[in-house]
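What follows is a short report on a single structure.
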Amino acid sequence: MARRRNEEQAAMPDGQTMEQEQPLEQEQPESRGGQFATAQQGAQAAMLEAMGNQMAGAATVQARRVEAVGVDQIREALLQLNRYKQGKAMLDQRIVDNEKWYRMRHWETLRRAGGDVEPVSGWLFNALANKHADSMDNYPTCTVQGREQTDEEEAKRLSSILPVVLDQCEFEAVYDAEQDYKLKFGAGCYGVFWDSGKLNGLGDISIRSIDILNLFWEPGVTDIQDSRNLFYVTMVDNDTLTEQYPELGDRVGDKSFTVAEYSYEDNVDTRDKTTVIDWYYKRRRNGKTVLHYCKFTGDTVLFASENEPEYAERGWYDHGLYPFHIDSLFRVAGSPCGFGYIDVGKSAQEYIDRGNQAVLQNMLANARPRHFIRNDGSVNETEYADMRNDFIHVDGNLGEDSIKPVNGKVLNGIYVTVLNNKIDELKEVTGNRDISTGGTSSGVTAASAIAAMQEAGSKLSRDSNKSSHRVFRKVCLMVIELIRQFYDLPRQFRITGPQGEAEYVAYSNAGLQPQQQGAAFGVDMGYRLPVFDISVSSEKASPYSRLSQNEMAMNFYSAGFFNPAMADQALACLDMMDFDRKAKVVQRIQQNQMMYQMQQAAMMAAMGPVQDTAEAPTGGGSTESSGGESSITKNARERVANSTAPG
């Protein structure tokens, strides 16, 4: 309406407004009342003119916002995207090749012309499977801690709510897929988004594992948050895209930009799909960095946050970060991605398989006899090759040189030794020694020794898990920021209480909003935004971890740590120790000590009146003798003396 009003005013002569065009009433004689009415009409006209100018200005701003992202900006973004694609071409090819190695189809990259034997062994796959099992045994959990004392209650509520939110996102399955991707290709990626379609339109947080082949960033950066732009490319069905964006019409099916593809088992048909690009970019607004989001296909804008008035200045997400977090394994310079165990072990795996190929070819050559036959020989070759024939026909005399067996060459044992050394090399470079998988060396039989060797052999896994936990911390912080932005309405959660019981609570983002700090010395202190830290720990799901913790608890019990009378000694000993959940053990011992002291004080208070009553005088007489000794004590001493005196 404002835009139409502005256009109508622009069509009128200069200096004339819609209000001025209206016929005026007949002028009244000049009087005080008439002057007042004239002044009032002038004020109304000025007010209407000011409102019209304001609405025209708003319409101009709105038009400028609509044009913030258009066809020209999309074409420029596509040029950037193609440059980013060229920058990570080698990474994409390495990921595709590593997928073949993981699926033990690497002979497709090693194959040469000919029909040679192509054996595959699972040494490298076994190393990856064991590393993945270690990652799942150390599945992370989080505890929220407030940076200020006033935020501790909110931090406790978040500590109970956050695991439920992650569970609703099926984060364990996402973590499983991300760790698998990380071990194979050297980096995994999380995507943390707000999905407005979840919960029947109420919206909720969504966490997904991202295929790095579909993610494109500025070449040369080591942190994707430093990239000027970030692109995420997906393939969407044409009919689905048309349902969501009816204005597209027949402009679906664009595949002007393609990504690298895996070697699929199935025949993947993309003829009825459209390439859709999510473009994230950062801009400076009012002294802070805001994140904007644009979805487009071809040169058609489907959605642009910068074109929307409510997001133009605020940005798409309030946290201002790209909603992606990369978890790299072995880092390299100039890239947010690293290299994985397949890159480390595929050289040894290649020669293991080539060695197996040579050994098997030698075995087949010696196990199946071959013969030299003269062209003019008298032996019927067909009958000779058929083992079912009892008789073989010959023409003329059978000479010794008519047919002669090929003498095979026995393989030297050194080659088998080299092959075994390559297997040991693969185990060594991947940190997958026999002791890590439950095997034992000769002479090691004690359970404690085996457990100690297994713990020492898992250093590489612990290092990888710490890296994953650091990224998990960033994911949790981003989830908290999305809760702060979108959880306006109370939501119901079933949480686990202190004693393991189920509790039902309602939670919203009211406690996460900026809080008034009041005034100090007459100066308004403004608002304070609650900020939280995340403490990450492992669930310790492995049987060895549970066994060791249970054994440690039994040792504490046997040593008397839970005896209240020995609380001071137990606390002194615990002060020199370091183990998981140490604070809970110290707290329990202190509680036992306090209860014991209270019981002792109560007993002393109860025994005081009893003793006073026993020592009180009876019958009005004195209980003390002339020597100051109590009569009760004196009588008792005399009875003992009489009973022990002879005869």
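The values are calculated or read from the model by the stated rules, or taken from the named source; none is laboratory data. These figures come from a predicted structure and were not determined experimentally. Note that each Cβ is placed from the backbone with ideal geometry, even for glycine, and that neighbours are counted across all protein chains shown. Accessible surface areas use protein heavy atoms only, side chains included; no ligands, DNA or RNA. Shrake-Rupley method; radii C 1.70, N 1.55, O 1.52, S 1.80 Å.
Summary of computed values
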quantity	calculated
Residue check for Asp180: in contact (Cβ under 8 Å) with a residue 24 or more places away in the chain, surrounded by fewer than 18 Cβ atoms within 10 Å (Cβ to Cβ) and either in a helix (DSSP H, G or I) or under 12 Å from the mean Cα position of the chain (by Cα) (or both)	no
Any hit, the stretch 264-274, residues being touching a helix residue (DSSP H, G or I) at 6+ places or on another chain (Cβ under 6 Å) and either at pLDDT 90 or above or over 20 Å from Thr242 (Cα atoms) (or both)	yes
Scope the stretch 307-325; condition outside any loop (DSSP other than H, G, I, E, B) and either more than 30 Å from Phe472 (Cα to Cα) or modelled with pLDDT of 95 or more (or both); matching residues	Asn307, Pro309, Glu310, Ala312, Phe324, His325
Scan of the stretch 290-305 for residues that are buried (at least 20 other Cβ atoms within 10 Å of the Cβ) and in contact with a Lys or Arg (Cβ under 7 Å, 6 or more places away or on another chain), ordered by number	Val290, Leu291, His292, Gly298
Hits in the stretch 197-221 (condition: open to solvent by 10 Å² or more (accessible area, probe 1.4 Å) and on the phi > 0 side of the Ramachandran plot)	Leu199, Asn200, Gly201, Gly220
Some residue of the stretch 400-417 being open to solvent by less than 80 Å² (accessible area, probe 1.4 Å), under 30 Å from Asp134 (Cβ atoms) and modelled with pLDDT of 80 or more	no
Residue ID - most open to solvent (accessible area, probe 1.4 Å), chosen from residues in the stretch 124-177 that are among the aromatic types (Phe, Trp, Tyr) and part of a helix (DSSP H, G or I)	Phe125
Qualifying residue in the stretch 251-260 (condition: part of a helix (DSSP H, G or I) and modelled with pLDDT under 90)	no
Where Asp204 falls short, out of the listed (1) under 17 Å from Tyr262 (Cα atoms); (2) over 15 Å from the mean Cα position of the chain (by Cα); (3) acidic (Asp, Glu)	(1)
So Met607, is it surrounded by 10 or more Cβ atoms within 10 Å (Cβ to Cβ), within 30 Å of Thr141 (Cβ to Cβ), modelled with pLDDT under 90 and of a type in the set (A, V, I, L, M)	no
Test result for Phe185, within 24 Å of His325 (Cβ to Cβ), among the aromatic types (Phe, Trp, Tyr), surrounded by 14 or more Cβ atoms within 10 Å (Cβ to Cβ) and touching a residue at least 60 places away in the same chain (Cβ under 8 Å)	yes
Qualifying residue in the stretch 378-387 (condition: aliphatic (A, V, I, L, M), assigned to a strand (DSSP E or B), out of contact with any helix residue (DSSP H, G or I) (no Cβ under 7 Å at 6 or more places or on another chain) and farther than 30 Å from Leu183 by Cα)	yes
Residues satisfying the stated conditions in the stretch 222-276, i.e. of a type in the set (Phe, Trp, Tyr) and surrounded by 15 or more Cβ atoms within 10 Å (Cβ to Cβ)	Phe231, Tyr232, Tyr245, Phe257
Qualifying residues in the stretch 313-367 (those that are among the acidic types (Asp, Glu) and open to solvent by 60 Å² or more (accessible area, probe 1.4 Å)) - the one nearest to Asp223 (Cα to Cα)	Asp318
Ile352 being in a helix (DSSP H, G or I) and touching a helix residue (DSSP H, G or I) at 6+ places or on another chain (Cβ under 8 Å)	yes
Inter-residue pairs, beta-carbon under 8 Å, first closer than 25 Å to Arg491 by Cα and in the stretch 506-530, second open to solvent by 80 Å² or more (accessible area, probe 1.4 Å) and basic (Lys, Arg), 6+ apart	Tyr507/Arg157; Gly511/Arg157
Filtered residues of the stretch 511-528 (kept if surrounded by 10 or more Cβ atoms within 10 Å (Cβ to Cβ) and either over 14 Å from Thr150 (Cβ atoms) or of a type outside the set (Gly, Ala, Ser) (or both))	Leu512, Gln513, Pro514, Gln515, Gln516, Gln517, Ala519, Asp524, Met525, Gly526, Tyr527, Arg528
Positions within the stretch 278-331 being polar (S, T, N, Q) and within 16 Å of Arg75 (Cα to Cα), in sequence order	Thr297, Thr300
Test: Tyr384 is in contact with a His (Cβ under 9 Å, 6 or more places away or on another chain) and either surrounded by 14 or more Cβ atoms within 10 Å (Cβ to Cβ) or of a type outside the set (Lys, Arg) (or both)	yes
